[in-house]
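The values are calculated or read from the model by the stated rules, or taken from the named source; none is laboratory data. This structure is a prediction, so every number in the text was calculated from the model and none was measured. Cβ atoms come from the backbone with ideal geometry, glycine included; neighbour counts cover every protein chain shown.
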Amino acid sequence: MIRYCRCAVLLVSALLPIHGLCAGWSFDDARPEWGRFALGLAGGVVAHELGHYAVATAKGYRVGHDGLSIVYPGAAFTDADHLQVASAGFQTQWLLAELVLRDSNGRESKEPPGNFGAGVVCAHLGITLAYLVYLKDHRQGDVVGMSDATGLSNNQLALALAVPGALDAWRLFGNEVPEWVPQLSLLGKGLGMAWTWAY
């Protein structure tokens, strides 16, 4: 345990050079262009679902629908495939959030995103919150699928997904966000994706 605490202290100290980044976006910014925000929000939700579809079909699984849930009729998943398909929506929204919140050079943007981009990030935050609060135990949900594949509990996985979501909320809405926040968000997403695809 002490060893892990030392690693955490080293990680935090490496991220501590604190320069504030960006003024935060607010819902007041969206008032003149609610349509663009709504389009970004809808696009973020669709992208999440398309992430599942793309990974499942690339792996040769059939994709169907049961109400609003995506299902995979007759799928005999390996644990690795199950984890990769179940987490594909979150991975897609993570990538989109990074595209929106960074500039063309890959650095954290110093300006808030436009309303369409803010809608995309808000979709990511809304989906993450829904899985943390309500959907984490839904039998056809992403968290249950990841739990079945890994043996980790629904609560552990929902909390792990919430960390990048909370950091991205700070990046979107916060003023004078410290430099370590986007770095830690990117690190968490990168480690999560690497673990998923190496599983």
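Only a single item in (1) within 18 Å of Leu41 (Cβ to Cβ); (2) in a helix (DSSP H, G or I) is not met by Ala80, and it is number (1). In segment 75-101, the qualifying residues are those that are of a type in the set (S, T, N, Q) and under 19 Å from the mean Cα position of the chain (by Cα), and the one that is surrounded by the fewest Cβ atoms within 10 Å (Cβ to Cβ) is Gln91. Answer yes if at least one residue in segment 158-167 is within 30 Å of Arg62 (Cβ to Cβ), surrounded by fewer than 19 Cβ atoms within 10 Å (Cβ to Cβ) and at pLDDT 95 or above, and no otherwise. Yes, some residue in segment 158-167 is within 30 Å of Arg62 (Cβ to Cβ), surrounded by fewer than 19 Cβ atoms within 10 Å (Cβ to Cβ) and at pLDDT 95 or above.
List every residue pair whose Cβ atoms lie under 8 Å apart, where the two residues are 6 or more positions apart in sequence or sit on different chains, the first residue falls within segment 108-122 and is within 15 Å of Gly43 (Cα to Cα) and touching a residue at least 60 places away in the same chain (Cβ under 8 Å), and the second residue, located anywhere, is buried (at least 24 other Cβ atoms within 10 Å of the Cβ) and acidic (Asp, Glu). The qualifying pairs are Val121/Asp168. Looking only at segment 26-55, residues that are under 17 Å from Gly145 (Cβ atoms) and out of contact with any strand residue (DSSP E or B) (no Cβ under 8 Å at 6 or more places or on another chain) come to 5 in all.
Tally time: how many residues in segment 89-123 are among the hydroxyl-bearing types (Ser, Thr, Tyr) and part of a loop (DSSP other than H, G, I, E, B)? Residues that pass the stated criteria total 2. Tell me whether segment 62-79 contains one or more residues that are under 25 Å from Ala198 (Cα atoms) and among the basic types (Lys, Arg). So far as segment 62-79 goes, yes, one or more of its residues are under 25 Å from Ala198 (Cα atoms) and among the basic types (Lys, Arg).
Scanning segment 55-74 for residues that are surrounded by 15 or more Cβ atoms within 10 Å (Cβ to Cβ) and assigned to a helix (DSSP H, G or I) yields a count of 2. Selection of first residues in segment 128-141 that are within 23 Å of Gly64 (Cβ to Cβ) and assigned to a helix (DSSP H, G or I) and of second residues that are acidic (Asp, Glu) and at pLDDT 95 or above, restricted to Cβ pairs under 8 Å at least 6 apart or on distinct chains, gives the following pairs, ordered by first then second residue: Tyr131/Asp142; Leu135/Asp142.
Cβ-Cβ contacts under 7 Å between residues 6 or more apart (or on different chains), taken from a first residue in segment 30-53 that is over 13 Å from Asn115 (Cα atoms) and assigned to a helix (DSSP H, G or I) to a second residue that is modelled with pLDDT under 95 and of a type in the set (Asp, Glu), are absent. Across segment 168-187, which residue is nearest to His82 (Cα to Cα) among those that are crowded, with 18+ Cβ neighbours inside 10 Å and touching a Pro at 6+ places or on another chain (Cβ under 7 Å)? That would be Ser185. Answer yes if at least one residue in segment 136-143 is of a type in the set (A, V, I, L, M, F, W, C) and out of contact with any helix residue (DSSP H, G or I) (no Cβ under 6 Å at 6 or more places or on another chain), and no otherwise. Scanning segment 136-143 turns up no residue that is of a type in the set (A, V, I, L, M, F, W, C) and out of contact with any helix residue (DSSP H, G or I) (no Cβ under 6 Å at 6 or more places or on another chain). Among residues of segment 150-163 that are outside any helix (DSSP H, G or I), those with a beta-carbon under 7 Å from a residue that is of a type outside the set (A, V, I, L, M, F, W, C) and modelled with pLDDT of 95 or more at least six positions away or on a different chain give the pairs Ser153/Ser147.
Just one of the listed residues (Ser104, Ser109) is under 27 Å from Trp34 (Cβ atoms), buried (at least 16 other Cβ atoms within 10 Å of the Cβ) and modelled with pLDDT under 95, and it is Ser109.
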